[in-house]
Amino acid sequence: MAGLVLFPHALDDAAQQHLAAELREAVRAAPPYRPVMPRTGQPWSITQTNLGPLGWVSDVSGYRYEPRHPETGRPWPAIPESLLALWDELTGYPAPPEACLLNIYRGPKARMGLHQDRDEEALDAPVLSLSLGDTCVFRVGGFARRDKSKSFRLASGDVLLLGGESRLRFHGVDRTIPGSSSLLEGGGRLNITLRRVTKP
Ligand code: MD3
Ligand code: FE
């Protein structure tokens, strides 16, 4: 699939532990919350929070980017330097990411349905995604929801770059495999997704 590049184990064990510790600290200032679906108000099976100047939020009124945490009203914490450096190295995009969404999967029911990422103005910028903790079964399809899709596993330390034509592919997380990693306290999976939102 053109534009979809997987870097298996891009972060070694020490780098994963270092990043997990940095994020644990950041998340104290921006506690994860359970988003709800637009219109229906149905709660998601995962929790979320953000880092960076803009955070992606979902609530009854829709999906959008916001400069502040919906519950604390404070600006999101900064994106760690190590993630900004990884963005520069792997994307080569001429501007830094503005959003760093943290998706937290806990328990056997946590999943993310097939969707496209298209709330960004800068659709020329790739999306960079990192996985920490439990392995998940990730699904990627085509450009219409009904298109054929295939699934593969993402393990702790794997990095996925979604650029070019793959930027608008449908994708989702079928399930995680609880207990497959001991990196995170209390178990679970943490997905870190970096995005450029505005045109530089
Ligand atoms: C494939 N997160 O936050 S990884 C999301 O693992 C999201 O939590 C998933 O989908 C997760 O929007 C999947 C990242 C990802 C992001 C954008 C993509 C995969 C993609 C765009 C096209 C194809
Ligand atoms: Fe997505």
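The values are calculated or read from the model by the stated rules, or taken from the named source; none is laboratory data. Keep in mind it's a predicted model, so treat the numbers as computed, not measured. Cβ sites come from the backbone with ideal geometry, for glycine too, and all protein chains shown count toward neighbours. With ligands, DNA and RNA removed, areas are computed over all heavy atoms of the protein, side chains included. Shrake-Rupley method; radii C 1.70, N 1.55, O 1.52, S 1.80 Å.
Things to note:
- Against the list (1) under 16 Å from Gln16 (Cα atoms); (2) more than 9 Å from ligand 1 (Cβ to nearest atom); (3) touching a strand residue (DSSP E or B) at 6+ places or on another chain (Cβ under 6 Å), the condition Gly187 fails is (3).
- Meets criteria (part of a loop (DSSP other than H, G, I, E, B), of a type in the set (Gly, Ala, Ser) and in contact with a helix residue (DSSP H, G or I) (Cβ under 7 Å, 6 or more places away or on another chain)) for Ala10: no
- Between Ala21, Ala30, the distinction of being farther than 19 Å from Val173 by Cα and open to solvent by less than 20 Å² (accessible area, probe 1.4 Å) belongs to Ala30 only.
- Members of the range 104-126 found to be assigned to a strand (DSSP E or B) and open to solvent by less than 10 Å² (accessible area, probe 1.4 Å), listed by number: Tyr105
- Among strands (runs of 3 or more DSSP E) entirely within the range 138-200, having at least 1 residues that are closer than 18 Å to Ala99 by Cβ singles out 159-162, 171-176, 189-195.
- Evaluating Ala15 against the criteria (1) surrounded by 14 or more Cβ atoms within 10 Å (Cβ to Cβ); (2) within 16 Å of ligand 2 (Cβ to nearest atom) leaves one unmet condition, (2).
- Residue count for the range 37-64, restricted to those that are of a type in the set (Phe, Trp, Tyr) and either buried (at least 20 other Cβ atoms within 10 Å of the Cβ) or not in a strand (DSSP E or B) (or both): 2
- Selection status of Glu81, among the acidic types (Asp, Glu) and open to solvent by 70 Å² or more (accessible area, probe 1.4 Å): yes
- Residue match in the range 94-103 (condition: open to solvent by 60 Å² or more (accessible area, probe 1.4 Å), part of a strand (DSSP E or B) and within 16 Å of ligand 2 (Cβ to nearest atom)): no
- Count of the range 37-63 residues which are β-branched (Val, Ile, Thr) and without any contact (Cβ under 8 Å) to a residue 24 or more places away in the chain: 2
- Condition met for Arg34 (basic (Lys, Arg) and closer than 17 Å to Ile104 by Cβ): yes
- The single condition from (1) assigned to a loop (DSSP other than H, G, I, E, B); (2) among the small types (Gly, Ala, Ser); (3) in contact with a Lys or Arg (Cβ under 9 Å, 6 or more places away or on another chain) that Ser131 fails is (1).
- The set of residues from the range 105-138 being touching a His at 6+ places or on another chain (Cβ under 9 Å) and either more than 9 Å from ligand 1 (Cβ to nearest atom) or without any contact (Cβ under 8 Å) to a residue 24 or more places away in the chain (or both) comprises just one member, Leu114.
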